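These notes are about the structure you will find just below.
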Amino acid sequence: MNSQDWTHEVVATGEVHSHQIVRRLHTERSQFQKIEVLETAGYGVGLFSDGRIQHVAGDEYIYSETIIHPAALLLGEHCKRALIVGGGPGGAIRELLRHRSIETITQVEIDPTMIDVSRRFFPHISQGCWEDPRVRLEIADISDFLARNGERFDLIIYDVSEPMKDTPASNLFSSVFFTKIRAHLSERGIFVTWAGSVGPRSHELAASIHRAMETAFPHVMRYVCSTQSYGTSWLTLGGSNHPYEPLQLGREAVDRAIADHIQGTLRFYDGTTHLHMFNLPKDVRAALAQAPEHATGAGIHFQPGTGVRP
């Protein structure tokens, strides 16, 4: 099998995760990134940015459900106004629209090409989310949007790519920028971001983002989920002004909340999964406690296979 039939993604020094490619459906270089749509042998059609996997049809529901529902259910009936930064092919918006309380969703995406490609190749993921009257799409830099917009949101979601140098996300991960995000939260609002791999040899990015979040927010909740197409377990963080205790919710309470607040049937997240995600393994807890001090100030830049650079 020659190298053109596979995509290879470095997940740690000396370690790669690969997908066999059946068809290369689309390649386009936008102002900000190289966007590829590849049909993989194992997981179906996937979206890749600068060679790194973003979403793939076979298991995107795991990522989309877990980045949205835990925080949205903690908010309950207070989850009315949401901001999604990035958003890719629309899976996060799709899941958020399931919540009966949602009144408005604002999506801020810097790259119009990403939206065009998502509409064309991933309607099975977005499921018409951009046609819903509750959804407003803005093509803008999130820094500019926040500077000119005084609106506060009950839920803010980072659904962006990894903060590699000279990419759209390169300045979004720091305590300074997280503090700007915090200023746009409602009183009980929650900011949710993925934070990267927590594999035994690839936790530097997650630990650095965790440290930056703890600097910017008085309360930070954290949970871990394995998305197989990424080749590793990933950390998700939720920052807030209000103290939330997700582990005080038992299995039955989470299942009742899902039934009360969410339309349709979830494929991954439920009460049992909730308890599993929020009970972090011992080695992950230790890794998060050892983040470097540089994580609190300047932007965090991810270097695939070599860790994090300030």
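Restricting attention to the chain, lysine pairs at least eight places apart or on different chains and with alpha-carbon atoms under 29 angstrom apart total 4. Positive end of the dipole of the chain (Cβ unit charges, origin at the Cα centre): among Gly51, Ala82, Thr179, the Cα lying farthest that way belongs to Thr179. Here region 89-230 was treated as a single set of alpha-carbon atoms; its pair distances binned every 5 Å from 0 give 2, 8, 16, 22, 21, 18, 11, 3, 0 percent. Using only Cα positions of region 180-261, each an equal point scatterer, no hydration layer, compute I(q)/I(0) via Debye at q = 0.12, 0.26 Å⁻¹ and quote the log10 values to two decimals. Those come out to -0.43, -1.17, one per q.
Within the P(r) computed for region 1-136, what percentage of the Cα pairs occupies the region above 21 Å?
It works out to 46 percent of all Cα pairs.
Taking amide H as placed 1.01 Å from N in the peptide plane, the amide H of Gln54 sits under 5 Å from that of Leu47, Phe48, Ser49, each at least 5 places away or on another chain.
Over all other residues within a Cβ to Cβ distance under 15 Å of Leu247, the charged ones net out to +1, with Lys and Arg as +1 and Asp and Glu as -1.
Each other residue within a Cβ distance under 13 Å of Thr40 adds +1 if Lys or Arg and -1 if Asp or Glu, for a net charge of -4. Net charge dipole, the chain: roughly 260 debye, given to the nearest 20, about the Cα centre with Cβ charges of +1 for Lys and Arg and -1 for Asp and Glu.
Under the membrane-span-like helix rule (DSSP H runs whose alpha carbons stretch at least 20 Å along the helix axis, mean Kyte-Doolittle hydropathy 0.0 or higher), the chain yields 60-75.
Here the chain is treated as an ellipsoid with the same Cα gyration tensor; its semi-axes, largest first and in whole Å, are 26, 23, 21. Counting every other Cβ atom within 10 Å of each residue's Cβ, Thr66, Thr265 order from fewest to most as Thr265, Thr66.
Taking the square roots of five times each eigenvalue of the Cα gyration tensor of region 3-56, the equivalent ellipsoid has semi-axes of 17, 15, 9 Å, listed largest first. Reducing region 178-213 and region 57-131 to their Cα centroids gives an inter-centroid distance of 19 Å. Of the GluC sites (Glu not before Pro) found in region 122-226, the ones in coil according to DSSP and having at most 14 other Cβ atoms within 10 Å of their Cβ are Glu151. Going from the residue with the fewest nearby Cβ atoms within 10 Å to the one with the most, Met213, Met221 rank Met221, Met213.
No value in this document is a laboratory result; all are computed from the given coordinates. Keep in mind that this is a model prediction, so the values were computed, not measured. Cβ atoms come from the backbone with ideal geometry, glycine included; neighbour counts cover every protein chain shown.
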